[in-house]
Amino acid sequence: MSLNDPKGNFKEQDAPRYEDTLQCMRCGFCLPTCPTYALTGRERSSPRGRVALARAVAEEKLEFTAAVKEEAFFCLDCRACTTACPSGVRAGEVMEVCRSQAHAFYPLGSAGKAFREFILQRMLPSPTLLESSMLPTRLYQRLGIQWLVRHSKVLKLGPDWMDKAEGMLPKLEKPLRPQLPDLVPAQGEKRGRVGFFLGCVMTLMYPSVSRNTVKVLSHQGFEVVTPKETKCCGAPHLSEGDRESARQLALFNLDLFLEQQVDYIVTDCAGCGAALKEYEELLEGRAEREKLARFRAKIRDISEFLGEVGLRTEGLKAVPTTVTYHEPCHLCHAQGISAQPRDILRQIPGVVLREMQEASWCCGSAATWGLKYTQESQQVLDRKLANLQATGAELLVTANPGCQLQLAWGVRRAGMPQEVLHIMELLGRATPG
Ligand code: SF4
Ligand code: SF4
């Protein structure tokens, strides 16, 4: 055990860094920004309380109790607290690391373990297996079974998460990955060559988003390379406390994209972008520093990228509509990207942007959090929907598939009229071709 970085009552492997638990000066600035503190009013469910728990475990004042485990998973990892914290305390990331500890201290039973390993270590790392796993769901929709299930309300008899998960399903198309060309040429004067990181949820649930992203990039003068071998970014693994599998995926994607000779690596998924930008930290000591720095320097979220290179607006068609923007936590808090999506929206001819209150407050999705804590997630979502309604906007735009699933479900369920779109779907409507 290092005296500078004591693990105390944590297990050695993947323990939070002690210094990350020391920075908190207990000022409380983070408290009003934390959704779980707003829900419970409980100190241990606040950023300050969570960091104090981790510090107490590191200092051997507390065992890794069931309460610590509970807080590790109850934290949304929305990172709103880090944006608000004057000391830069990363309570969300500390809790994310604690999830690995939770699995070490409280191992699942053999069936649960086998299921978790199948999803995280077999299915998610294999694009082909992932794609074929969606075939039964597509048939369920095509054959009208979904219609029967929804109208019979049979799912109301089961656990809440099942009813919600089914209700969130968008109409599935064929996965995008096999359909996207390996290389899409630049239109007009060529401005560069980008690698497109196609995320798992995008290819399976929202192929139209990424199809539009590629179309926009090409129309903006960029040659787009989409490596078909790309594996999951590792975000679900980090979220579920399987950091070792996340490292294996990161090592693969790192080499794959560095081979492509691209100027930038662009993603349209805020969750993927945040994970890719954290490879440097995740792979510390596991990959060459120079390679990690080169990779990190190329990663851009699509809005960040278009903001940096400048959006070519000539030739864009008018899309006359009023729009409000929901900021994904993993874009605004994890990556600090807040102004760029709004700048893009303002540049689309015909679009009028109406700001909503608390645009950067979480929508209550947070990977599987919204399914594990359905009641709490509904409360977080209700706050968002009230803010949406107050804008009177026709469209709700966001930039992350998890937010899009949750918001589209919430809007439908509440009988609200808004269409929920990814920002690239809207820019795609304005882009000719
Ligand atoms: S986490 Fe940051 S904002 Fe919150 S109490 Fe500690 S120092 Fe203050
Ligand atoms: S990451 Fe979000 S939920 Fe977790 S402590 Fe910070 S503000 Fe609260």
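The values are calculated or read from the model by the stated rules, or taken from the named source; none is laboratory data. All of these numbers come straight from a predicted model, not from anything done at the bench. As a convention, Cβ positions derive from the backbone with ideal geometry for all residues, glycine included, and neighbour counts pool all protein chains shown. Accessible surface areas use protein heavy atoms only, side chains included; no ligands, DNA or RNA. Shrake-Rupley method; radii C 1.70, N 1.55, O 1.52, S 1.80 Å.
Can you find even one residue in the stretch 367-378 that is within 30 Å of GLU71 (Cβ to Cβ), open to solvent by less than 30 Å² (accessible area, probe 1.4 Å) and among the polar types (S, T, N, Q)?
yes
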Can you tell me which residues in the stretch 27-48 are more than 22 Å from the chain's Cα centre (by Cα), within 13 Å of ligand 1 (Cβ to nearest atom) and not in a helix (DSSP H, G or I)?
CYS27, GLY28, PHE29
Residue under evaluation VAL266, criteria (1) assigned to a helix (DSSP H, G or I); (2) in contact with a Lys or Arg (Cβ under 6 Å, 6 or more places away or on another chain), criterion not met
(1)
For GLY285, work out the one condition from (1) surrounded by fewer than 12 Cβ atoms within 10 Å (Cβ to Cβ); (2) under 18 Å from the mean Cα position of the chain (by Cα) it doesn't fulfil.
(2)
With a cut-off of at least 3 residues that are farther than 26 Å from MET202 by Cβ and out of contact with any Lys or Arg (no Cβ under 6 Å at 6 or more places or on another chain), name the helices (runs of 4 or more DSSP H) lying wholly within the stretch 82-176.
91-105, 110-117, 145-152
Residues located in the stretch 198-245, provided they are over 20 Å from the mean Cα position of the chain (by Cα), within 16 Å of ASP301 (Cα to Cα) and open to solvent by 30 Å² or more (accessible area, probe 1.4 Å):
LYS215
Name the pairs whose Cβ atoms lie under 7 Å apart, with the first residue in the stretch 12-33 and closer than 14 Å to GLN101 by Cα, the second basic (Lys, Arg) and more than 7 Å from ligand 1 (Cβ to nearest atom), and 6 or more positions between them or separate chains?
ASP14/ARG243; ALA15/LYS7
So LEU427 ticks every box in (1) farther than 22 Å from ILE337 by Cβ; (2) not in a loop (DSSP other than H, G, I, E, B) but one. Which box is left unticked?
(1)
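Yes/no matrix, rows are residues, columns are (1) free of Cβ contacts under 8 Å to residues at least 60 places away in the same chain; (2) more than 30 Å from PHE74 (Cα to Cα):
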| site | (1), (2) |
| --- | --- |
| LYS190 | yes, yes |
| MET205 | no, no |
| ASN212 | no, yes |
| PRO227 | yes, yes |
| HIS237 | no, no |
| GLY241 | no, no |
| LEU256 | yes, yes |
Residues of the stretch 228-251 classified as of a type outside the set (Gly, Ala, Ser) and closer than 20 Å to PRO401 by Cβ, total
10
Filtering the stretch 297-331 for residues that are in a helix (DSSP H, G or I), open to solvent by less than 50 Å² (accessible area, probe 1.4 Å) and among the acidic types (Asp, Glu) leaves a count of 1
Which count do you get for residues in the stretch 92-142 that are among the acidic types (Asp, Glu) and assigned by TED's automatic domain parsing to the domain that holds ALA66?
2
Suppose the filter is of a type outside the set (D, E, K, R) and within 16 Å of ligand 2 (Cβ to nearest atom); does TYR37 pass it?
yes
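Test GLY428 against the criterion of being buried (at least 16 other Cβ atoms within 10 Å of the Cβ) and more than 20 Å from the chain's Cα centre (by Cα), and give yes or no. Break it down into steps so the answer makes sense when it comes.
Details: buried (at least 16 other Cβ atoms within 10 Å of the Cβ): yes; more than 20 Å from the chain's Cα centre (by Cα): yes.
Spelling it out, GLY428 is indeed buried (at least 16 other Cβ atoms within 10 Å of the Cβ) and more than 20 Å from the chain's Cα centre (by Cα).
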All but one of (1) open to solvent by less than 50 Å² (accessible area, probe 1.4 Å); (2) within 28 Å of LEU249 (Cβ to Cβ) hold for PHE118; state the number of the condition that does not hold.
(1)
Against the definition (more than 16 Å from ligand 1 (Cβ to nearest atom), crowded, with 22+ Cβ neighbours inside 10 Å and either within 17 Å of GLU12 (Cα to Cα) or in contact (Cβ under 8 Å) with a residue 12 or more places away in the chain (or both)), how does VAL57 come out, yes or no?
yes
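Which of the residues spanning the stretch 60-99 are on the phi > 0 side of the Ramachandran plot and either near ligand 2 (Cβ under 8 Å from one of its atoms) or open to solvent by less than 10 Å² (accessible area, probe 1.4 Å) (or both)? If you could, list the steps in order and put the result at the bottom.
In the first step, residues of the stretch 60-99 are kept if they are on the phi > 0 side of the Ramachandran plot; the result is 60, 77, 79, 88.
Correct list: ASP77, ARG79.
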